[in-house]
Amino acid sequence: MSLSTYLQIDAIPLLTLIVLYWNLKTKFSGVPNAKRFQKLVLLVSFMLIVDGFNWYFTVVPQEYANQKLWYINILYFLLTEIISYFWFSYVVHQLYGENLLPWQKLLLRWCIVPLIAICLIIILSPWNRAIFYIDENSVYHRGSLHLLQVACGFGYMLTASFLVWKQKQKEVLPEKKKECNALCYTVALPFIGGALQIINYDMILLWPFTAAALFLFYVSFQRNQISLDALTKLNNRGKLEQYLLHQRDSKKDPWYLLFIDIDKFKRINDKYGHMSGDNALRIVANALKITLGNTKAFLSRYGGDEFAIVLDADTDSEVEEVIKLLNKKILRECTEQNLPYSISLSIGYAKYDKTNMSSLEDLTNLADQRMYQRKKAAKDASKIPG
Amino acid sequence: MNIVAHLNIHLFPSILLFIICISTHRERIRTTMDRLFQNVLWCTFFILLTDMFCWILDGIVFPGSYVLAWILNICYLIMSPLISALWLNYICFYLRQISFKNLISRKKAVIISLASLYSLLVLISPLTGWVCSIDDHNRYQRGPLYFIPYIVTYIFLVSALVLSIYHGHKEVLKSRKRESYTLACLISLPVIGEFLQLMIYDLWLALPLTAISALLFYLNMQNHQITIDSLTGLNNRGYLDRYLTERNLQNEIPDGLYLFMLDLDHFKHINDTYGHPTGDHALIQAADILKEMFGKTNAILARYGGDEFSIIKQCRNDREALHLIDSLNKAFEAFNQEGTYPYTLSISSGFSRYDSSCEHHLEKLIENADRMMYEQKKARKKS
């Protein structure tokens, strides 16, 4: 292979990662964990450059080839370990966020020890020749402890995947499950690339495939940003519209659309400020997640103080049951948090079955109308003294 | 060049494009533009694969290899101009909402006959060897007319580039102008790649750079979804929050920056009496009035949520801000006087000035504007 080929192999993935980095920086700066993702992208970009030089020094005859090979290989192995550790750390933060107990945090901090140890061994390679060495003819050889470096990198990756797998068993929301899947898939591509590279030494695929994996992960990361409402972490209206179309075309029959409106939300907002209003929205969203999380219901924020749910149910009484549960949950939440205002919901629903219903618009309108009727009824009832 | 080298070069862009294709496929296609984009993506993906196999089989002899090589090469030569034509078509639609489908039938006929002429030229190559030929060792050889596919491809790409630059130049609305120039930048990548590949024989940059360009198009589209409110086409609340916090952190907010909060009066009433679709329509009308007033200025327009809008704009002093609100009210009155719709629109508004004293209290900024707005609303209700 010629020099220009080597340049191309790493240049295109590098270009891709630069684009991703720039995009993450400008568009997702406020998103939690985006910074960690950014760093990961930066590290892999750096790795691609090192990888390119490594091949270049190995293949093209050089002056001072011996020293150059020593330096570049040390850098290469260091980066490999650091990238694996960063992936591990990213996954842990993505899974548990800030919900870690103190002892878990401590344990997490100790996880860096293998990384530091292996890094020291790598840096001292010219003296201990444990991981690799370059002989007098500038030829690269594996050292006696070469497997240690592989084990450390793999260890971090596999532990991360194991944690994801364990967490997936616990999650109830389908969106969360999808996120876990994305975290799992991402590791597969570098493994395939690495395997191919082991089979044929000339296939320089490990790091380009890692770059592709980062892009794949970016796609799911971005989809979450697009389809989730930032405040409540429920699906947003755009996603609901997509889901309704999907539901209409599916075989399921019948199903229900529920519209939920917080009573006197405007008053909470005006009297206690926007912050309280946001809090009220979060309370309702959480109640929805807890009551309906492990059913197949689709939860979304429709906009303002309105929520919409798509529910698989056969009869009206099933829906009424769900509504009862929901109201109970919210009442309990309000008393627990000692709020100065009370939250009550007006809920309207409509049934979709293929024989009677003509369009989604009719369904939406019907559910909406019934919600307003209930709201009005509730208002009238409260006006009657006694 | 051997097989492995071509795998190395082409596998990554193929995977990249495949991921993009799949992820756009999973989203439900809503507009003609999405569909056009998807067609371009899939075609680019397939040509990448074809190209890879062309190179891998180059110089390898086995039973049937000669026929296979011809099939692959002919596919490649016909698809390559087709794809740049699809890109041009997509750009035309993006900029002017004109695509091949909308052309009058005479123009269509001309384009189709030119295309079939070109295809014929390529198809008879096994007999004539004009464009290319394949020798006894199953190697690709350039024919005397080898440059024709390059030139045709190039003409389409360059016209797409020229078109987007020309449009950017002509456009008055700032956001549209920026979009056109972005398109021009994106389309220039394959142009550069194609050029380099023609000049330097062992650089295979044309298709990989096209893949990068597709990536940029894709990200551009997705970013649009993240920052834009889908109903009104204004920026969404997330964008506004990010804009303010980022500028605040970098101390980039210039003096005399004003935040305006607007609230549609009686929106709930419109929603309740005429239903949600009409309510949505009212919001779109209100957004259009704002766009018309501020489209050519530096102001940032956003839908803050529900029936609330916000504007960020630089003003010299409070008087100018008040004047601005005055002209806004007038614009809404003008809309009402036209009387095309069953409802009337009016707004309550408030503003607050950003100065260095409230540096770390963006919440305050919004709150102040909000309070002023509610006071106005209350006052109106009383009168």
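The values are calculated or read from the model by the stated rules, or taken from the named source; none is laboratory data. Quantities reported herein were computed from a predicted structural model and do not represent experimental measurements. All Cβ positions, even for glycine, are placed from backbone atoms using ideal geometry, and neighbour counts span all protein chains on display. Areas reflect the complete protein model, heavy atoms only, side chains present, ligands, DNA and RNA absent. Shrake-Rupley method; radii C 1.70, N 1.55, O 1.52, S 1.80 Å.
For this structure, a couple of remarks:
- Folded to 0 to 90 degrees: helix A:34-59 orientation relative to chain A principal axis, Cα: 20 degrees
- Semi-axis lengths, Å, chain B, gyration tensor of Cα atoms, sqrt of 5 times eigenvalues: 55, 22, 17
- Across the protein chains, with a 1.4 Å probe defining accessible surface, the residues A:Ser144, A:Ser250 rank A:Ser144, A:Ser250 from largest area downward.
- Pairs over the 29 Å Cα-Cα cut-off, from the set B:Lys108/B:Lys296; A:Lys27/B:Lys177; A:Lys239/B:Lys170; A:Lys376/B:Lys364: B:Lys108/B:Lys296; A:Lys239/B:Lys170; A:Lys376/B:Lys364.
- Table column - 3J(HN,Hα) (Hz), the range B:216-233, Karplus curve with 6.51, -1.76, 1.60, x for Gly and Pro: 5, 4, 4, 5, 4, 5, 5, 4, 4, 5, 6, 9, 10, 6, 5, 6, 9, x
- Solvent-accessible area of B:Val110, all protein chains in place: 80 Å² (probe radius 1.4 Å, heavy atoms, ligands and nucleic acids excluded).
- For the range B:96-107, 3J(HN,Hα) computed residue by residue from phi via the Karplus equation (6.51, -1.76, 1.60; θ = phi - 60°) reads 10, 6, 10, 10, 3, 4, 7, 5, 5, 5, 5, 4 Hz, glycine and proline entered as x.
- Under 5 Å from the amide H of B:Cys132 lie the amide H atoms of B:Gly143, each residue being 5 or more positions distant or on a separate chain, with H modelled from the backbone and absent for Pro and chain starts.
- Angle in degrees between helix B:237-249 and the longest Cα principal axis of chain B, rounded to the nearest 10: 80 degrees
- Within the full protein context, the accessible area of A:Tyr218 is estimated at about 0 Å² for a probe radius of 1.4 Å.
- Axis of helix A:316-337 versus longest Cα principal axis of chain A: the two differ by about 70°, to the nearest ten degrees.
- Table column - 3J(HN,Hα) (Hz), the range B:340-349, Karplus curve with 6.51, -1.76, 1.60, x for Gly and Pro: 6, 10, x, 9, 10, 10, 8, 10, 9, 9
- Heavy-atom accessible area buried between chains A and B is around 4400 Å² (1.4 Å probe, both sides summed).
- Counts of other chain beta carbons within 10 angstrom of each beta carbon in peptide A:257-264 average 0.
- Considering the range B:203-299, its Cα convex hull presents a mean projected area of 10.1 nm².
- Placed amide H near A:Tyr302: partners under 5 Å, 5+ positions off or other chain: A:Phe307, A:Ala308
- Bridges between two residues of the protein assembly as shown, per DSSP, are antiparallel at a rate of about 95%.
- If the segment from A:Thr159 to A:Glu171 were pulled out straight at 0.36 nm per residue, it would be longer than the present Cα-Cα gap by 2.5 nm.
- Counting only other chain Cβ atoms within 10 Å of each residue's Cβ, the peptide A:5-12 averages 6.
- The range B:24-124 shape via C-alpha gyration tensor axes, a/c threshold 1.5: oblate
- A protection proxy built from the mean count of other Cβ atoms within 10 Å ranks the segments A:359-366, A:237-244, most packed first, as A:237-244, A:359-366.
- The range A:324-383 - Rg and Dmax from Cα coordinates, angstrom: 15.4, 47
- Under the shape rule built on the C-alpha gyration tensor, where the axes satisfy a ≥ b ≥ c, the range A:62-145 is prolate, since a/c reaches at least 1.5 and a/b is greater than b/c.
- For residues of B:203-216, the mean tally of beta carbons on other chains within 10 Å: 3
- Under a 5 Å amide H cut-off, with hydrogens placed 1.01 Å from N, B:Gln314 pairs with B:Tyr258 among residues at least 5 apart or on other chains.
- With the convex hull of its Cα atoms as the shape, the range B:296-369 has an orientation-averaged projected area of 6.2 nm².
- Sequence ranges A:296-302, A:191-197, ranked by mean other-Cβ count within 10 angstrom, highest first: A:296-302, A:191-197
- Tensor-based shape of the range A:82-201 (alpha-carbon gyration tensor, a/c under 1.5 rounded, otherwise prolate or oblate): oblate
- Calculated log₁₀ intensity ratio I(q)/I(0) where the Debye formula runs over C-alpha points of the range A:210-351, q = 0.11, 0.20 Å⁻¹: -0.46, -1.23
- Evaluated with a Cβ-only charge set (Lys, Arg +1; Asp, Glu -1), the range B:154-207 carries a dipole of roughly 420 debye about its Cα centre, given to the nearest 20.
- Calculated over the range B:182-247, the projected area of the Cα convex hull averaged across directions stands at 5.8 nm².
- In summary, the aspartates and glutamates within cross-link reach of A:Lys168, defined as a Cα separation below 19 angstrom excluding same-chain residues under 8 places away, comprise A:Glu98, A:Glu179.
- Nearest-10 value in Å² for the accessible area of A:Arg370, using the 1.4 Å probe: 100 Å²
- Diffusion of the protein assembly as shown by Stokes-Einstein, at 10 °C in a medium of 1.306 mPa s and with Rh set to the Kirkwood radius over alpha-carbon pairs, works out to 53 µm²/s.
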